[in-house]
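Visitor: To start, I am sharing the structure in question, which I have written as structure tokens.
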Amino acid sequence: MSNKMWGGRFSERPDEIMEEINVSIDVDRHMYAQDIAASKAHAAMLAAQGIITASDAKNIGKGLDTILSEIGKGDFAFKRSLEDIHMNVESRLSELIGTAAGRLHTARSRNDQVATDFRLYVRDVLDETDAALAAFQQALVDRALEHAGTVMPGFTHLQTAQPVTFGHHLLAYVEMAARDRGRFQDARKRLNESPLGAAALAGTSFPIDRHATAKALGFDRPMANSLDAVSDRDFVLETLSAASICAVHMSRFAEEIVIWTSPLVGMISLSDKFTTGSSIMPQKRNPDAAELVRAKTGRVIGALNGLLIVMKGLPLAYQKDMQEDKQGAMEGFAALSLAIRAMTGMVRDLVPDAAKMKVAAGEGYATATDLADWLVRTLKMPFRDAHHVTGRIVAKASKDGVALHELPLAAMQEIEPKITKEVMGVLSVESSVKSRTSFGGTAPKNVAAQAKAWAKRLEKERKLG
Ligand code: ARG
């Protein structure tokens, strides 16, 4: 038999290969809830506008509810021969309620249907991602409060640069996550317009009410141009762009966890919950979760690249190429979700080795800038001269194989006679971080205040729901 949905023009079955390349049910079945919600809104509107009868609309609504629960319970037989979620649902509806099912597709096309479903789907993803990022931020804030005064080495070029606090480092990721959330919220605003009722591409001659269906589905308004409504996928691209940036943040943090847990560094450890062993080397404790977060980033960025390439040459309006928009995106979103949850778990799990961090913070003459700043402040030296003097003192300490605070005062005075013993007060890593009180700086006092402010902000957000 030829296809039930458009069989009038056809007399033969599709070739097996045709069916294989055309089918999308394996992917778009994940949008069943959105598809059914959109159909219910459409049917109710058709009845309200007098386009179908109230009793047909009622039967359609009931039938759709039955299908929703059948799919939810795993009692639904998805058929590949029915190509996609839209036709699977409609075909089952006609089994359940007979001819009235055939009226549901009045003033609608699969083109506006799929665009509507996927917008609803991505909107859910955006909301879930926002909640996952809020939980990630909360974990970071809790640990930052705990470690507002824990000194660690700060790095540039992965070389010890200046001492910072562990809490400060964690709060850096809270800020990144806040911008990520902002990007997702922006994407949500632009996404939240309804394509439904654009029909195939040109709109419809039926007196539909697109404002009503938009409202019923929680959209802010109907999309203004029917061609645009069925043919753009920028809402997926924008979400994947934000997701890619977010994944890069996760990946950078994951990479730090890999470095910090290496026995060569040993700044933090993860428990058995977030590590795995080796089948051959009994001593191993591998940070697999962090490594996989790093790798999942490839999937997210890959999904963005893939869809950009699918879209780049498509003329208006709908082209079947666009059916390839979902698989990569859905996989990318799932990868990001897992990455965020894994990072949240590791943030809660990790145990810093504060003693080791403190020693590492002082290595490599990390308080040299504090010495230079002291020369500027106390001896009124221009910073460039102070930099030079400090460089000579560091060279001397390095030659003698001692840390800055271990170098005798006399040795420093040989290089700069005006140096007094007060200088010793700025050479420890604790005094260094304590002195960084500039706005946004690493001083424990700042960090504790920032962490508390974030905790409040997150709590307020939760209350507002
Ligand atoms: N399965 C299709 C998709 O995902 C639905 C839209 C099909 N439209 C069409 N004109 N063939 O894009």
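Visitor: Being basic (Lys, Arg) and surrounded by 13 or more Cβ atoms within 10 Å (Cβ to Cβ), is that true of even one residue in the range 264-281? Let's see the steps before the verdict.
Guide: Start the filter on the range 264-281 by keeping residues that are basic (Lys, Arg), which leaves 273.
Narrowing further to those that are surrounded by 13 or more Cβ atoms within 10 Å (Cβ to Cβ): none.
Checked against the condition, which is being basic (Lys, Arg) and surrounded by 13 or more Cβ atoms within 10 Å (Cβ to Cβ), the range 264-281 yields no hits at all.
Visitor: Scan the range 373-397 for residues that are of a type in the set (A, V, I, L, M) and within 17 Å of residue 159 (Cβ to Cβ) and jot them down. Quick ask: steps written out before the conclusion?
Guide: From the range 373-397, those of a type in the set (A, V, I, L, M) are 375-376, 379, 381, 386, 389, 393-395, 397; that's our starting set.
Within the range 373-397, 394, 395, 397 qualify.
Visitor: Failed condition for residue 129, given (1) within 26 Å of residue 37 (Cβ to Cβ); (2) in contact with a His (Cβ under 9 Å, 6 or more places away or on another chain), with all others met?
Guide: (2)
Visitor: Could you tell me which residue of the range 170-181 is nearest to residue 257 (Cα to Cα), considering only residues that are more than 11 Å from the chain's Cα centre (by Cα) and surrounded by fewer than 24 Cβ atoms within 10 Å (Cβ to Cβ)? Outline the logic, then answer.
Guide: Step one: of the range 170-181, the residues more than 11 Å from the chain's Cα centre (by Cα) are 170-175.
Filter once more, keeping what is surrounded by fewer than 24 Cβ atoms within 10 Å (Cβ to Cβ): 172-175.
Working: 172: 15, 173: 13, 174: 16, 175: 18 Å.
Checked the range 170-181; the qualifying residue nearest to residue 257 (Cα to Cα) is 173.
Visitor: Among the numbered criteria (1) in a helix (DSSP H, G or I); (2) within 16 Å of the ligand (Cβ to nearest atom); (3) touching a residue at least 40 places away in the same chain (Cβ under 8 Å), which single criterion is violated by residue 306?
Guide: Condition not satisfied by residue 306: (3).
Visitor: With respect to residue 8, determine if the residue is in a helix (DSSP H, G or I), of a type in the set (Gly, Ala, Ser) and open to solvent by 80 Å² or more (accessible area, probe 1.4 Å).
Guide: Values: in a helix (DSSP H, G or I): yes; of a type in the set (Gly, Ala, Ser): yes; open to solvent by 80 Å² or more (accessible area, probe 1.4 Å): yes.
So residue 8 fits the description; yes.
Visitor: Could you check how many residues of the range 440-457 are touching a residue at least 60 places away in the same chain (Cβ under 8 Å), within 22 Å of the chain's Cα centre (by Cα) and surrounded by fewer than 17 Cβ atoms within 10 Å (Cβ to Cβ)?
Guide: The qualifying residues number 1.
Visitor: Being of a type in the set (Gly, Ala, Ser), surrounded by 24 or more Cβ atoms within 10 Å (Cβ to Cβ) and within 16 Å of the ligand (Cβ to nearest atom) is the filter here, so list the residues in the range 104-162 that pass it.
Guide: Answer for the range 104-162, where residues must be of a type in the set (Gly, Ala, Ser), surrounded by 24 or more Cβ atoms within 10 Å (Cβ to Cβ) and within 16 Å of the ligand (Cβ to nearest atom): just 115.
Visitor: Determine if the range 58-67 includes at least one residue that is aliphatic (A, V, I, L, M) and either within 16 Å of the ligand (Cβ to nearest atom) or open to solvent by 20 Å² or more (accessible area, probe 1.4 Å) (or both).
Guide: Taking the range 58-67 first, the residues aliphatic (A, V, I, L, M) are 60, 64, 67.
Checking which are either within 16 Å of the ligand (Cβ to nearest atom) or open to solvent by 20 Å² or more (accessible area, probe 1.4 Å) (or both) leaves us with none.
The answer is no, given that none of the residues of the range 58-67 is aliphatic (A, V, I, L, M) and either within 16 Å of the ligand (Cβ to nearest atom) or open to solvent by 20 Å² or more (accessible area, probe 1.4 Å) (or both).
The values are calculated or read from the model by the stated rules, or taken from the named source; none is laboratory data. What you are looking at is a predicted structure, and each value in this text was computed from that prediction instead of being measured. Neighbour counts run over all protein chains shown; Cβ positions are idealised from the backbone, glycine included. All accessible areas refer to the heavy atoms of the entire protein, side chains included, with ligands and DNA or RNA removed. Shrake-Rupley method; radii C 1.70, N 1.55, O 1.52, S 1.80 Å.
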